[in-house]
Amino acid sequence: KQWYQRRVRGLSDCVRSVVSLSLPKMSRLITLLCCLTCMVSAHEQPAPSEEDNKPPGPLDLAALQLELREEAVSLREEMYSLMGGSQTTLSWVVRDLVQEVRGYKEIVSEQGEFIKDLMSKHSEEMRTVLDQLDGLRSAVDVMRSEVRLISQHKLTWQNSTQIDRYVSDFLVDGVYRMTDDESGMNPIQHTADNQVGPNMMVMIDLGALFKIHTVKLWKRTSTCCDSRFPGLLIYADDTLIGVTSGVKFLYNFPVNGEVYASKIYVKQPAAITVNFLEIQVFGTGPFSKDEI
């Protein structure tokens with residue numbers, strides 16, 4: 001009997017503590033229902049066996065059952081009182097909670113429809129943007145596939161500069177007239193005569209990775225230094241694409257195969273000055289390293 005009474009009193013204290021907590025209605029109701037379930041389980045569970053805990057005297061089971069029922073009824077009425085005064089009040093609480101849950105479901109449903117409409121609208125806009133990107137990508141691919149001049153007005157470099165005037169930028173200025181006016185309207189590039197050494201060179205930085213199609217070297221119009229032009233080495237990065245032979249006003253070097261480069265070099269193996277009227281590089285691109 002004492003064992004049962006301790007169980008019921010413990011559940012009673014648990015219910016009072018739960019009802020007094022500052023929790024949302026739904027949380028308190030769920031917790032109370034759990035307590036009632038535990039209380040019923042406590043009434044249905046048997047007392048400890050005689051082997052575990054022998055009672056000191058005869059046990060009147062009928063009287064104990066009646067007392068426990070009265071204790072349970074008292075506890076239920078006390079719970080109703082804590083919740084508002086009656087069982088009807090508890091029903092109202094449950095009804096309010098159900099209505100509140102339904103309201104939340106309606107709000108979620110409305111928000112879901114709004115989100116669907118928003119996603120549908122943005123999906124159409126996204127498809128339009130993707131179509132525009134596809135068109136732009138196609139235009140870029142067409143542009144990249146066209147063989148064109150890719151060296152004009154790019155950055156350049158040379159070992160040295162003759163009297164600080166004949167700079168390497170004249171290689172890519174787009175001016176290559178058939179007039180002997182190297183210090184005026186038809187300027188040339190020229191390394192310094194007093195700083196010659198092996199591997200005198202000029203370099204054109206294309207600014208990106210291109211597929212090289214053709215390299216053209218325009219010799220200066222003057223014939224004073226024609227001996228400097230045979231034997232020049234033309235590189236696309238580390239790939240040798242041609243060697244000059246003889247004396248010509250224009251050297252053409254078509255590139256065979258798949259040659260990609262970001263820089264073009266013209267090197268003079270001997271200790272001789274390098275000077276040109278213009279250098280032109282034709283190719284396609286630009287490309288990334290993953291595309292080659």
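The values are calculated or read from the model by the stated rules, or taken from the named source; none is laboratory data. Quick caveat: nothing in here was measured; it's all calculated off a predicted structure. Glycine also receives a Cβ, built like all others from the backbone with ideal geometry; neighbour counts cover every protein chain displayed. Please note that ligands, DNA and RNA were not included when accessible areas were found on the heavy atoms of the full protein model with its side chains. Shrake-Rupley method; radii C 1.70, N 1.55, O 1.52, S 1.80 Å.
Exactly one of (1) in a strand (DSSP E or B); (2) more than 27 Å from Lys289 (Cα to Cα) is unmet by Gly246. Its number?
Of (1) in a strand (DSSP E or B); (2) more than 27 Å from Lys289 (Cα to Cα), only one is false for Gly246: (1).
Look at segment 157-206 and say how many of its residues are within 16 Å of Val266 (Cα to Cα), in a helix (DSSP H, G or I) and either without any contact (Cβ under 8 Å) to a residue 40 or more places away in the chain or open to solvent by 40 Å² or more (accessible area, probe 1.4 Å) (or both).
Count: 3.
Please go through segment 226-237 and pick out each residue that is surrounded by 14 or more Cβ atoms within 10 Å (Cβ to Cβ) and either assigned to a strand (DSSP E or B) or free of Cβ contacts under 8 Å to residues at least 40 places away in the same chain (or both). If you could, list the steps in order and put the result at the bottom.
Start the filter on segment 226-237 by keeping residues that are surrounded by 14 or more Cβ atoms within 10 Å (Cβ to Cβ), which leaves 228-229, 231-237.
Result: Phe229, Gly231, Leu233, Ile234, Tyr235, Ala236, Asp237.
Any idea how many residues of segment 265-292 are in a strand (DSSP E or B) and in contact with a Lys or Arg (Cβ under 9 Å, 6 or more places away or on another chain)?
As a first pass, look at segment 265-292 and keep what is in a strand (DSSP E or B): 265-268, 275-276, 278-287.
Then drop every residue that is not in contact with a Lys or Arg (Cβ under 9 Å, 6 or more places away or on another chain), which leaves 268, 275-276, 278-287.
Residues that pass the stated criteria total 13.
Here are the criteria: (1) open to solvent by 80 Å² or more (accessible area, probe 1.4 Å); (2) at pLDDT 75 or above. Tell me which single one Glu113 does not satisfy.
So the condition that Glu113 fails would be (2).
Quick check on segment 208-225. Is at least one of its residues under 14 Å from Gln280 (Cβ atoms) and in a loop (DSSP other than H, G, I, E, B)?
The first filter runs over segment 208-225 and keeps only residues under 14 Å from Gln280 (Cβ atoms), leaving 210, 212-219.
Narrowing further to those that are in a loop (DSSP other than H, G, I, E, B): 219.
Yes, that holds for at least one residue.
Just to check your reading of the model, which residue among Ser245, Ser262 is under 28 Å from Tyr166 (Cβ atoms) and either of a type in the set (Asp, Glu) or in contact with a Leu (Cβ under 6 Å, 6 or more places away or on another chain) (or both)?
Ser262
How about segment 238-287: which of its residues are open to solvent by 50 Å² or more (accessible area, probe 1.4 Å) and either free of Cβ contacts under 8 Å to residues at least 12 places away in the same chain or of a type in the set (Ser, Thr, Tyr) (or both)?
Asp238, Thr239, Leu240, Ser245, Asn256, Gly257, Tyr260, Tyr265
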